[in-house]
There are 4 protein chains.
Amino acid sequence: MIDQGLSGYSLPLSPSGRSSMLTPPPWHFSGDILMVDYRVNPEAAAAFLPPGLSPGSDPGAAAAVFAQWQWTSADGAELADPQRAQFGEFLLLLACEFRGEQLARCPYAWVDRSVPLVRGWLQGMPKQFGEIHQTRPASVGRAGPRISPGGRLAGSLSVLGRRVAEAAVTLRAEAAEPPRLHTVPLAHNRVIPPWLPDEKPVSELVASVVDGVEFSPVWSGDAELTLFDDLPADLADLRALAPISVGQGHYFSYAETLHGGRALES
Amino acid sequence: MIDQGLSGYSLPLSPSGRSSMLTPPPWHFSGDILMVDYRVNPEAAAAFLPPGLSPGSDPGAAAAVFAQWQWTSADGAELADPQRAQFGEFLLLLACEFRGEQLARCPYAWVDRSVPLVRGWLQGMPKQFGEIHQTRPASVGRAGPRISPGGRLAGSLSVLGRRVAEAAVTLRAEAAEPPRLHTVPLAHNRVIPPWLPDEKPVSELVASVVDGVEFSPVWSGDAELTLFDDLPADLADLRALAPISVGQGHYFSYAETLHGGRALES
Amino acid sequence: MIDQGLSGYSLPLSPSGRSSMLTPPPWHFSGDILMVDYRVNPEAAAAFLPPGLSPGSDPGAAAAVFAQWQWTSADGAELADPQRAQFGEFLLLLACEFRGEQLARCPYAWVDRSVPLVRGWLQGMPKQFGEIHQTRPASVGRAGPRISPGGRLAGSLSVLGRRVAEAAVTLRAEAAEPPRLHTVPLAHNRVIPPWLPDEKPVSELVASVVDGVEFSPVWSGDAELTLFDDLPADLADLRALAPISVGQGHYFSYAETLHGGRALES
Amino acid sequence: MIDQGLSGYSLPLSPSGRSSMLTPPPWHFSGDILMVDYRVNPEAAAAFLPPGLSPGSDPGAAAAVFAQWQWTSADGAELADPQRAQFGEFLLLLACEFRGEQLARCPYAWVDRSVPLVRGWLQGMPKQFGEIHQTRPASVGRAGPRISPGGRLAGSLSVLGRRVAEAAVTLRAEAAEPPRLHTVPLAHNRVIPPWLPDEKPVSELVASVVDGVEFSPVWSGDAELTLFDDLPADLADLRALAPISVGQGHYFSYAETLHGGRALES
C-alpha cells in the first residue's frame, strides 16, 4: 500500500490496489529466441556504455535478439488470457564489464505490448514500441522449418511503419553451449527524467537479478542480419551499431524469473 | 494473364502480374490447433445448412477451432517474411453430409490478416476480421504449459473490441485419433453479391480439395467454451450456435495443402 | 435471400441474413481528402490500363489520394459505433478514357479496415491492407495546421511494416474547382479468380455509379510526393508509377453515395 | 546530458541524446474532445483520492472524456509524420480540491500510442493501453454529424479485446462556457515502484503546469454513458466509478502546452 486508502505497486492506484498496471516481481518468462551474434565497431559500442561500464575482454561483440515471450506473475494468473501473457521483443546486446563481471548492455529494445514496455522502463531497459515477427518452427507440413539441419528462421522489426531490422538463421547443428551474450546479466540505467522545477535527472546503474534460468537445446548455424539505413532522426545513433561482420545464429527456448535489480555501485 | 498487357491471379492487376494480392493455389499450411468439440441445438445447426447439405448422422455435433498458421505458396517465398506468412484463425464447424459424404460446414470464421481473409471469400469461406490469441506451449520455465497431462491452453477471439469467444483445454492424454470434424472436407458457398443492375446473386456449393494432410500426435482433455452474449447486431444469429454441452478439447499440429474447390452438384 | 433458410447479401450467410459482412448498397461516405496531382511516364500509365480503356487527352496525368472516411449503410446504423464506421485509404489514380468518357483508373489502393477492403473487391477496386495516417487540421493550438495559407498537411502509407508512400501539401489558396481526377467515375475490373477445375478467370470492366457528390471548399498549394524504392517483390510494378513531376496538392472534404456498378461494354 | 558520453532526456540514452523516446517538455497538444459530465457515488470517488486531496465542494462530480490528439515538441518536428503525432485518449475525471484549489483527479486513462503512455507515467498520469474511437464531424454528406443541433457523436474504449466504455452526445446548443472539469489542473501521483532491495515506493502528489489553453466554441447536449460490467479483475475497482446519473455532454476542440509539474506539498 502506497497511501492510506489508495494502493498499488504501480499506477493506476486504486482502493484495492488491484488496478496496478504492473504486478510486483517476480515475473516468470518462457520464450523462443532467434539470436544472431555480430560485431560492431568497438568505438561505437564503447560510446553506448555509461560511466562505470567498460568494453571488457571482447570489445565489439554484439548480438541481435528476437524473442516471442509468454510471461506471468507469481500466481500464474496471466496465462489464462494469452492476449495478456504474450509479447514479442527485439533487442541489441553489447558485451561489457563492470569491475571484472561480464555483463551485457542493451542500447535499444522494442516490444509489441505496453505492459512489458513500462516494466522495461521501471528496470532501466529502454523498451520502445515496435512490430516484431518471427518464424515459428513446424513439426508437420511445408509451411515451417524443422529444428534440424537446414531449418531456416527469420525475424523482422518495424517501427512506426518502417522496417528497421531483419535477421535469418539457417540451422546447422546443435551447439555445445548457449550463446555467451545470452548468459550474462543485463546492465541498465534506471533513468527518471526531471519533471518538477529544479529536479535533477536521475540515472542509476543497475543489473537484473534473475534465477530459474533454463535453456532448451541450442541450435546454431549461418546467419544474416540487416539494420536498415533509412530511419527517422531519433534512430540515427542506431546506425553506428550496424554489423561490421555477422557471426553465428542461434535458435532456442529460454526461461527465467526476474526478481528485481541490484545497484552497480561506483 | 487476364488481359492483354495486364495480368494477375487476383486484383491488383499489373503489367507483370506480380502485384496480385493472392498467389494462385496450391497454398501450404502448417499450424497449431486448439479445438473444442461441443454440441449445439440440432435445429439451430440445420438452419445454418444450405440446400443440398443435411445434418447427417450426428446432428448437433460442432467444434470451435483456434489456429495459429503459417502458410506459403508453391515456391515457399512467403516464409522469408514471417509478418506475411503468419495468421491466426478462429472458426466454428458443424457436422453435415452431402449425398452420404461426411463434411463440415463453417458458418463463421475470423482471421487477423487480410490475405487469408480475401482468400477465404474466393473459396466461399466466410472469414471476417478478428483479434485471435492462443497459448503457446513451452518446453522450459513457468510461463507456458507442457504438452503433457495437466497442460492448460487457452484461446480468445475479439471482434471490433468485444470479446466474442473463449476456450480452454486441460490436456489429459494422447488421443488414438484426430477429432473427427478436423478430418472431413469443408463445404462452402461461393457467394458473389450482385453489383450491376439486374445481376442475380450467385451462390455455389463447393468443397475444398486438399492433400498433404499431416497430424502431429493429438492430445485431448477437458474443455471449456464460452460464446459471449453481448454481441453487436450482425452477430445475433451466432448466439443460436452457443454450446448446449461441451465435450473434449484437443491440441495438435496440422498441415495441409489446399489446391482449389470442387462443385457439390445438386 | 440467397437460399431457402439461409440468406445474406454476402458471406457469412445466416438464417436471418443479418450476419452478412457487407450490407447491400447504397453506402454513404464522408471524408477528408489530401490529394497530390502528379505525372507519371505515359507509357507506364498505359501499361496499367486494361483493354477498352485508353489514356485519353492527358496521358500521364495521375494523383495520389489520402482519405480519412466515415461510411454508413442506408439506415445509418454504423455511425453509432465509430470503430465500425471509420477507415483510412490511400490510392493512386490514372487519367483514362472509355469511348470518349473521362474516367480514372485506380491501379493500387490500400485501406486499414477489412469491410471496405472486401467491398472494394466486390466492385473491382484492388484494395489491400495498409497503415494510413493523415494530418488533421486544428482550429486551436500549435499541434495542427489551419485550413489557411501556410497550413501544412502530411500523409503516409506503410504496408507490412515498410513505408511505401508519403505526401505533404502546404496550402496556398482556395481553388476555383475540385481537382479533375476526383470528379470523374472510377473504372475497375471485377476479377473473379478461378477456383474450380477448368474454371475460366472472369474480368469485367465496370464503372462506379455514384450520386450525392459534395465538395467542401478546396484548398490547394505546393506538394511533395514520395513513392519509396525499397519495396517487396509484389510491389515492384508500382515503381513504374513513381512521379516524374509533382503538381499541386489539395485538401478538401468530400461526400458521395455509392449505388453499384455499370458495365463498360466493348 | 545525463552521463559523460551518453545522454538523453529519457531512455534510450545514446551518444547524441537524440534516441530519447521522450522529447523534453514543453509539449503542445491540439485535440477534439467528446466529454460527458456524470455523477458517481461520492464515497467511491473519495476512495480514489490520495491523502492531501479532498472531494471539495461538489463531491461525486465526474466526467468521461474521449479525445483525438495531435501533439508536437517545441520545434514542431513530429507534425511532419502524422503516425507519430496522433493519438487517441479516454480518461475519467473526479472533482477534487487541494487547500482550496479546485482540481481534477484522473483515476484511469487509456491511450493508443506508447509515447503518450510513457509520458503519462513520467507525470503521474495512469495511462494504460486501449483502443479508442470517436466520431468525426463532417461538413458534407450523410456519413457524419454536423456541429449543430441534432448532431450525434459517439466514442468507445476497448481494452484487451473487451469493450469497457461507450458514450454518445446529441448536440443541442452552444454552451456559454467550457465544462468545469476540463478547466482545472490535474492532480497526479508520480509513483516510482520499488525495484532495488530495500527500496521504498515513491509517491509524490503533483499538479500539471499548463499554458496556452484554447477552447473552440463548446457545443453541449444530451448524453449517454456506459461503463461495462464484464471486465477483467484488474478493472474491478473501476466499476465503483460507474455513473449514478448522467449529465450533459460536450464537443469542442481544445489546446494546451504542458510544461511540467509542480509539487502539491502537504
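The values are calculated or read from the model by the stated rules, or taken from the named source; none is laboratory data. None of these values were measured; they are calculated from a predicted model. Cβ: placed from backbone, ideal geometry, glycine included. Neighbour counts: every protein chain shown.
Go through segment C:158-170 and give me each residue that's out of contact with any His (no Cβ under 9 Å at 6 or more places or on another chain) and within 9 Å of chain D (Cβ to nearest Cβ).
Passing the criteria: C:Glu166, C:Ala168.
What is the number of the single condition among (1) at pLDDT below 95; (2) out of contact with any strand residue (DSSP E or B) (no Cβ under 6 Å at 6 or more places or on another chain) that D:Val202 does not meet?
Result: D:Val202 fails condition (2) only.
Pairs, please: C-beta under 8 Å, at least 6 apart or cross-chain, first residue closer than 16 Å to D:Ala47 by Cβ and in segment D:228-244, second surrounded by fewer than 13 Cβ atoms within 10 Å (Cβ to Cβ)?
D:Arg239/D:Asp229
Quick check: anything in segment C:67-86 within 25 Å of B:Ser20 (Cα to Cα), outside any strand (DSSP E or B), modelled with pLDDT of 95 or more and within 10 Å of the chain's Cα centre (by Cα)?
Within segment C:67-86, none of the residues are within 25 Å of B:Ser20 (Cα to Cα), outside any strand (DSSP E or B), modelled with pLDDT of 95 or more and within 10 Å of the chain's Cα centre (by Cα).
Residue-by-condition table, conditions (1) buried (at least 18 other Cβ atoms within 10 Å of the Cβ); (2) facing another protein chain (nearest Cβ under 10 Å):
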{"site": "C:Ser20", "(1), (2)": "yes, yes"}
{"site": "C:Pro26", "(1), (2)": "yes, yes"}
{"site": "C:Pro42", "(1), (2)": "no, no"}
{"site": "C:Phe48", "(1), (2)": "yes, yes"}
{"site": "C:Gly60", "(1), (2)": "yes, no"}
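Quick one: count up the residues across segment B:13-61 that are over 21 Å from B:Pro126 (Cβ atoms) and hydrophobic (A, V, I, L, M, F, W, C).
Residues that pass the stated criteria total 1.
Kindly indicate whether any position in segment B:124-131 is in contact with a Pro (Cβ under 6 Å, 6 or more places away or on another chain), modelled with pLDDT of 95 or more and among the basic types (Lys, Arg).
Checked segment B:124-131: no residue is in contact with a Pro (Cβ under 6 Å, 6 or more places away or on another chain), modelled with pLDDT of 95 or more and among the basic types (Lys, Arg).
Being farther than 27 Å from B:Ala154 by Cα and surrounded by 22 or more Cβ atoms within 10 Å (Cβ to Cβ) is the filter here, so list the residues in segment B:97-117 that pass it.
Correct list: empty.
Any idea which residue in segment D:62-78 is surrounded by the most Cβ atoms within 10 Å (Cβ to Cβ), counting only those that are more than 7 Å from every other protein chain (Cβ to nearest Cβ) and in contact with a helix residue (DSSP H, G or I) (Cβ under 8 Å, 6 or more places away or on another chain)?
Restricting to residues being more than 7 Å from every other protein chain (Cβ to nearest Cβ) and in contact with a helix residue (DSSP H, G or I) (Cβ under 8 Å, 6 or more places away or on another chain), the top hit is D:Ala62.
Which number in (1) farther than 26 Å from D:Val202 by Cα; (2) within 12 Å of chain D (Cβ to nearest Cβ); (3) of a type in the set (A, V, I, L, M, F, W, C); (4) out of contact with any Gly (no Cβ under 6 Å at 6 or more places or on another chain) marks the one condition that A:Leu117 misses?
Condition not satisfied by A:Leu117: (1).
Identify the single condition in (1) surrounded by 21 or more Cβ atoms within 10 Å (Cβ to Cβ); (2) out of contact with any Lys or Arg (no Cβ under 7 Å at 6 or more places or on another chain); (3) of a type outside the set (D, E, K, R) that D:Pro145 does not satisfy, given that it satisfies every other one.
Exception for D:Pro145: condition (2).
Answer yes if at least one residue in segment B:147-157 is facing chain A (nearest Cβ under 8 Å) and of a type outside the set (Gly, Ala, Ser), and no otherwise.
Yes, because at least one residue in segment B:147-157 is facing chain A (nearest Cβ under 8 Å) and of a type outside the set (Gly, Ala, Ser).
Which of the residues belonging to segment D:217-262 are in contact with a helix residue (DSSP H, G or I) (Cβ under 9 Å, 6 or more places away or on another chain), part of a strand (DSSP E or B) and under 30 Å from D:Ala173 (Cβ atoms)?
D:Leu227, D:His250, D:Phe252, D:Tyr254 - these are the residues of segment D:217-262 that are in contact with a helix residue (DSSP H, G or I) (Cβ under 9 Å, 6 or more places away or on another chain), part of a strand (DSSP E or B) and under 30 Å from D:Ala173 (Cβ atoms).
Residues C:Pro185, C:Pro179: which one is more than 14 Å from chain A (Cβ to nearest Cβ), buried (at least 20 other Cβ atoms within 10 Å of the Cβ) and under 27 Å from D:Arg142 (Cα atoms)?
After ruling out the rest, the residue left standing is C:Pro179.
Give me a count of the residues in segment D:1-18 that are touching a helix residue (DSSP H, G or I) at 6+ places or on another chain (Cβ under 9 Å) and crowded, with 20+ Cβ neighbours inside 10 Å.
Residues meeting the conditions: 4.
Okay, residues lined up against (1) of a type in the set (Phe, Trp, Tyr); (2) touching a strand residue (DSSP E or B) at 6+ places or on another chain (Cβ under 8 Å); (3) within 23 Å of C:Phe129 (Cβ to Cβ):
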position	(1), (2), (3)
B:Gly5	no, no, no
B:Tyr9	yes, no, yes
B:Arg18	no, no, yes
B:Leu22	no, no, yes
B:Phe29	yes, yes, yes
B:Ile33	no, yes, no
B:Tyr38	yes, yes, no
B:Asn41	no, no, no
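Quick one: in segment B:215-266, of everything that is among the polar types (S, T, N, Q), within 14 Å of chain A (Cβ to nearest Cβ) and surrounded by 17 or more Cβ atoms within 10 Å (Cβ to Cβ), which residue is farthest from B:Pro179 (Cα to Cα)?
B:Thr257
Among the numbered criteria (1) assigned to a loop (DSSP other than H, G, I, E, B); (2) away from chain C (no Cβ under 13 Å), which single criterion is violated by D:Val140?
Of everything listed in (1) assigned to a loop (DSSP other than H, G, I, E, B); (2) away from chain C (no Cβ under 13 Å), D:Val140 misses just condition (2).
Answer yes or no as to whether C:Ala154 is surrounded by 19 or more Cβ atoms within 10 Å (Cβ to Cβ), assigned to a strand (DSSP E or B), modelled with pLDDT of 95 or more and among the small types (Gly, Ala, Ser).
When the stated conditions are applied, C:Ala154 passes them.
Can you find a residue that is among the aromatic types (Phe, Trp, Tyr) and more than 23 Å from D:Trp219 (Cα to Cα) anywhere in segment D:84-92?
No, that holds for no residue.
Across segment D:118-142, which residue is surrounded by the most Cβ atoms within 10 Å (Cβ to Cβ) among those that are over 28 Å from A:Trp121 (Cα atoms) and touching a residue at least 60 places away in the same chain (Cβ under 8 Å)?
Only one residue tops the list, namely D:Thr135.
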